[in-house]
Every structure is written in C-alpha cells, then in structure tokens.
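Chemist: One structure, as structure tokens, below. Some questions next.
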Amino acid sequence: MGSDEAYNFVFKVVLIGESGVGKSNLLSRFTKNEFNHDSRTTIGVEFSTRTIQLKSLIIKAQIWDTAGLERYRAITSAYYRGAVGALLVYDITKHLTYESVERWLKELYDHADPHIVVMLVGNKTDLGSERSVPTEDAKDFAEKNGLLFLETSALESTNVETAFQNVLGEIHRKVSSKEVTRGSISAVSLSSPVPRAAGDPEEKKPCCRNL
Amino acid sequence: MIKSSVNFASMMSGTLESLSGLGEDGSSIGSDSEINGLAVRRTDKYGFLGGTQYSEGSDKDIRVDVARQRELKWLDMFNNWDKWVSRRFQKVKLRCRKGIPSSLRAKAWQLLSNSKELLDSNPGKFEELEREQGDPKWLDIIEKDLHRQFPFHEMFAARGGHGQQDLYRVLKAYTVYRPEEGYCQAQAPVAAVLLMHMPAEHAFWCLVQICETYLPGYYSAGLEAIQLDGEIFFSLLRRVCPMAYRHLKKFKIDPILYMTEWFMCVFSRTLPWSCVLRVWDMFFCEGVKIVFRVGLVLLKQMLGSVDKLREVQGMYETMERLRNIPPESVREDLLVQEVVSLAVTEALIERECSIQVRKWRESRGELTHQPVRRLHGTRDIHEHKRRPQHQEIRPSFSCYSFRKKTVKEQKRTWKQKTPRSGMRERKGGGLLYSAS
C-alpha cells in the first residue's frame, strides 16, 4: 500500500450507522478479510484502503470508519469531507439501529457532497433467526430514498465484497458520466499521491484527461 | 517478573477466535504450548495475551535493588502525603517522571488524583449507585462495549468475565452519578486501565477525577472540550515543530482526525504498554499538559524531518502513519525524556486556550458548555481543595471545564464571583481570568 502504487482513482467512502452494527468488521472484512468478534470500539476515526480493479481501471478505495455513538457526531464534519460514497449500516437484529437510518441520512446530506452514492446495508444476516428488520421494509425504504441496498454478513463474508464493489462501481459510473459537477469531481480527490490544488492538471494519470 | 498464564479452554466461547484473530485455527498464536491438550499462552508482564500492545519482553526491567529503593521512597511519601505535595512537590513530580513502582502504582494514582479522598469521604456511595437501575439508553451502549475494550488483555478477554463485569459496574455507576453526562465510549478504555490496577470502587472514583478534574468536558455531549484542545494542540505544534504543522496544514488534516483517540483515551490505545504506564504516572501528577506534550512528541517523531515527510506524501499516508504508530518507534525512556524536556507549560496551554475559546466564539458562537476551569494535576488539585468553597474560582489562568448552566445561572455566577475572583469581562464578551 505504498504511496507510489499506481491507480486511476481514489474514492473516499464512509461507513456510518449506530454503534455496534458492525461497521468496523465490514471494513476489516473488505480490506483485510478479517473478522473480530471482539474488535475494539472505534473512537474517533479509523480507516483502511484496498485497491480493486474495476473493468480496466484501478481504484483505490479509501474507507473511513467512525464511532457510531451519537456524541461523536459533533466531530464528524471533517470525516465526511470529500466522501463520494457511503455505506449506511444497520443491524438486522436490532430494530432501533434501523429506525435511526433516517437520522443518519440527514446527517450525511448535511455534511457530504449531495451527489454522494449511498448504500443502505443490513448487516449480520448470519443471525437470521433473530431478525427484526424485514428485508422488504428496508428495500422499500432504500428505493424511496434513492439508495442502493444490500444485506450482508461481515462474519460469514456474505455480500461484503459485492456491497463495496457496487458502491465503487456506482461512484465510477457517476464520475465518468459526468453526473457530478466539476466541484464534486475535485472532491473525488483524483489519484495523486501528492494532492494538488483544485484545477491543477495532473499529467501522469490518464483518468484526469477523461474528466 | 512473574508471568501468568491463561488457559484458553477456560475462557468463554467467542473469545478464542477473537484472540487469535489472525488465523482460523489459532495457529498464529505465537508461543503457545500444549499442556494436557489445552493451548496455553503466556501473557506478557502486563497481562496482554497478544495484539499490538503485547510486549515482546524487550523492556528492560529495573534492577531489583533500584526497584526496592524506589518503593521505600514512595512508601515514605505515602506516609506524609499532604506534606510531600505541599512542600516537596518537585520531588514527587520527579519520582512520577521516573516511573511509579508497579507494586504501588494503584495507591499512587489514587493519591495523586485525590480520588482516595473522594473514596474515603463517600462510604457506600458506589454501592448505592450500583443499586440504582440506571438509564437503559446508556446501559445498552455500555453492554455493547464491554467486550470491545482491550480484548487482548487477560482481564478483559473473557466474555462476561470479571474484568468485563467490573467495567460494567464502573461505567454504569458513572451514568447514575452524572445522569446529565451519561456515557461516552472513550471512558471505557480509561476505566479499563484503572481496573487493571485497582478494584471497581477505587477505579470509579479515579474515573470521576479524570472526567471532572483532569479532562472536564472531554466526554460530554457536543465534545467541545476535545475540539478546543485539538485547536490548542495544533497551535502548540506550530511552535514546537513547524515542519509537522505545515505538513498537516498542507494536507488539511484536522487535529480532530488523529488526536481524538490519543487525548480521550490518554494514549492507552496508542502506545506500547510500558509507555502508557509511564505517561499515566506523569499525567496523574502533572495533568493535561502531559497529554499535550506526548502528542507533540509523537508528531515530532513521525513528521519532524524531511526524510520522514518524504514517506508520507498525502493525506491518507499521513493519517495512516499517525493512526498506527509503530511500537518500535516509541522507546519508553526516550519518550519520557522528550516529554519532560518539551517547553510546553500550563501557562502556555492556558493562554492558547483563551485564544481558542475566543476564536470559537467568533466563528461558531457561544459554547454550549460554559468554560470553567480544569485542574493541572496533583498540586493544583491539592491547592484547590484547601481553598474555601466560596473562592472556588481562583484568579488563575483562563480555562474551561464544561458544566452545563442555564443562562440565568451563569449571569448570577458571574455577578457573584467577578469582584472576588479577579475575573473580568472581555470586550468581546468572552471571559478571562486574569493571571495572578
């Protein structure tokens, strides 16, 4: 993961949702293929990256994970800055974590780029017998709000890869179809190991010419 | 040092997997041996079974005769504690900087923080708090967090084990004690460190002192105190290490992105364990100044030279370095030496604090929690308690703790206290305590 690694894009994706829904384990499953039953609580911000290939492009996903406790929302504006994707996670066995999804969505739109790609993620499908949020409810909610939707299990590694891939793919689609404004594109933080000032062309990377 | 061992099989299910966390079959658990067919692993001398804070035994143990000498000196201080603090505080400070003997650490921390006195003057209070039902909102979050504190420490590894039970008792008691504050996740590792050293009731009063006297407002709703300290910290960095300052500024890395966990957990999740203990020894004696200094030393070490900056050309690269400080890059003695010699005083922190409070008010409006003051370690606490109640706010440097007050209450307080305390109104409406 050296800084000289070649890639076309860096996409910043944030993980949000209530405390204990499994954000950190989704992150570690996707970036390191690890799962910890007793991972430490997240205090402040954690993050990790993984580089994936999407068609002919190399995309570096920079995934930020934050504390879910309400108290920490006071300090999250720096966290949302530049994010182009978000996974809004709830626990399918804890209805309360689903009920707070709307609040999180508002929080997200208050702080992030309006074009941000959002996926609603119902995590912990491995605990299917304790399910308290019906898939259809969440799916409907996602459709109504223009969100992608998937249910995952970080423990069993179900759909985790797909969830992130879909979000990254959708971000790429938006970026390349120029659905996003110029201003938002600069928020994508184009793949330079040394970020440049907005508008400063980056000759070495082919992707910049596409934009 | 005595090494203890923990029998994996005796732990509750779910634990083994998390402790290994490295390989499905637990094969990567390092120096495990097989005894009676059960995997047994030695802890390090601090009780860690693994993880990033496991000590590989590279720490040098202090010579036995030196350790014995130090213990005797500390025991002597314990016998005349108030006198030592009021008359020979420099010596107390020096001894804390050298490291408190591990056998006496618990008592020393309780004396340094004055939590011992709270404990003694509130008999039965902890039990009373425990008996209360507690707010389910907080209890639910606390329960979720119990198995997520130092999962690699023998005391907290087992689900439902005595460590996790005590943690629950302490954290719950605090939410009952201060219902308006509730529970903040960073309090859990702090309480856990205390529990590694002392029983629950003692840990509770020590936690109270940390939350209310040393780091007031750090765990309160809105997290204003930690944000302010982030700004103070960044401003101090400009003086201490302009190179690191410029680098962080260039990549727009807000202090809040890397110092939140450092400060709120007093480095307990950041440094090798031997360093954590040395930092806490100094912190209890000298207060928040130590937290600032340790943070500054770390930034200096990681971003303080052209060579080092070359490796972290980018926001992500820089953040990654700050989030994962390689244990081998932090040597206990060097860290302490640098922390001790850094010219960041209480006065400087206080001055910077009033500047940042003013800036905050100019840019973001009034603080939700009114600034009062925090106490800078043992001597400050000692002097504070000897002062009569009505002179609670003394003419010292400006600072803040965060106690919610109604507007009416504030006005009343200012009116009553202004003439006595040497506090004066600033032009901008901000408050400043004039230096004595």
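Chemist: Which entries in B:73/B:385; A:60/B:249; B:249/B:300; B:83/B:385 show an alpha-carbon gap greater than 20 Å? Could you put the intermediate results ahead of the total?
Modeler: Values: B:73/B:385 25 Å; A:60/B:249 23 Å; B:249/B:300 15 Å; B:83/B:385 14 Å.
Going by Cα-Cα distance, B:73/B:385; A:60/B:249 fall outside the 20 Å limit.
Chemist: Then there is this: Starting from the 7 Å offset along Cα-to-Cβ, what nm value, one decimal, do you get for the label separation of residue B:52 and residue A:32?
Modeler: Distance between label points: 0.8 nm.
Chemist: Further question on the same structure: Please list, ordered by chain and number, the residues whose modelled amide H lies under 5 Å from the amide H of residue A:10; skip anything fewer than 5 residues away on the same chain.
Modeler: A:60, A:191
Chemist: Between residue A:77 and residue A:115, what is 0.36 nm times their sequence separation minus the Cα-Cα distance? Round to one decimal in nm.
Modeler: Details: separation 38, 0.36 × 38 = 13.68 nm, distance 1.65 nm.
Roughly 12.0 nm would be gained on extension.
Chemist: Still on this structure, please answer the following. Students often forget the sequence filter, so: which aspartates and glutamates lie under 16 Å Cα-Cα from residue A:55 once same-chain residues fewer than 8 apart are removed?
Modeler: A:161, A:170
Chemist: While we're looking at this one, here's another question. Provide the net charge surrounding residue A:25, with neighbours chosen by a C-beta distance below 10 Å and charges set as Lys +1, Arg +1, Asp -1, Glu -1.
Modeler: Around residue A:25, the charge tally is +1.
Chemist: Moving to a separate point now. With +1 on each Lys and Arg Cβ and -1 on each Asp and Glu Cβ, and nothing else charged, work out how big the dipole of region A:12-109 is about its Cα centre, in Debye to the nearest 20. Show your work: numbers first, answer last.
Modeler: Details: 14 positive and 10 negative charges, 85 e Å.
The dipole of region A:12-109 has a size of about 420 debye.
Chemist: While we're looking at this one, here's another question. If each of residue B:132 and residue B:86 carries a label point 7 Å out from its Cα toward its Cβ, how far apart are those two points in nm?
Modeler: So the label points at residue B:132 and residue B:86 sit 3.4 nm apart.
Chemist: Then there's this: Between residue B:153 and residues 5 or more places away or on another chain, which pairs have amide H atoms under 5 Å apart, with H built 1.01 Å from N, and which residues are they?
Modeler: Result for residue B:153 returns B:49.
Chemist: So what is the orientation-averaged projected area of region B:87-171, using the convex hull of its C-alpha atoms, in nm²? Can you show the working numbers first?
Modeler: Numbers: hull surface 31.5 nm².
Projected area, direction-averaged: 7.9 nm².
Chemist: Over the alpha-carbon set of region A:2-193, divide Rg by the Kirkwood Rh and report the Rg/Rh ratio to two decimals. Working shown, then result.
Modeler: Working: Rg = 15.7 Å, Rh = 16.6 Å.
Across region A:2-193, the Cα-based Rg/Rh ratio is 0.94.
Chemist: Further question on the same structure: Find how many whole Å separate the alpha carbon centroid of region A:85-161 from the alpha carbon centroid of region A:1-62.
Modeler: What the calculation gives is 17 Å, centre to centre.
Chemist: Within region B:92-166, count lysine pairs with alpha carbon atoms under 21 angstrom apart where the residues are 8 or more positions apart or belong to different chains.
Modeler: On the way: B:93/B:107; B:93/B:116; B:98/B:107; B:107/B:116; B:107/B:125; B:116/B:125.
Lysine pairs meeting both conditions in region B:92-166 amount to 6.
Chemist: Considering only the other residues whose Cβ falls under 12 Å of the Cβ of residue B:165, what net charge follows from Lys and Arg at +1 and Asp and Glu at -1? Don't skip to the answer; put the middle values down first.
Modeler: Numbers: positive: B:159, B:169, B:172; negative: B:130, B:143, B:166.
Around residue B:165, the surrounding residues sum to 0.
Chemist: Can you give me the long-range amide H partners of residue A:47? Hydrogens built in the peptide plane at 1.01 Å from N, cutoff under 5 Å, separation of 5 or more residues or another chain.
Modeler: A:65
Chemist: Let me ask another. In what order do B:82, B:254 fall by count of nearby beta-carbon atoms within 10 Å, going from fewest to most? Could you put the intermediate results ahead of the total?
Modeler: Details: B:82 10, B:254 20.
Listed from fewest to most nearby Cβ atoms, that is B:82, B:254.
No value in this document is a laboratory result; all are computed from the given coordinates. On a predicted model such as this, the values are computed, not experimentally measured, just so you know. Glycine gets a Cβ as well: all are built from the backbone with ideal geometry, and neighbour counts include every protein chain shown.
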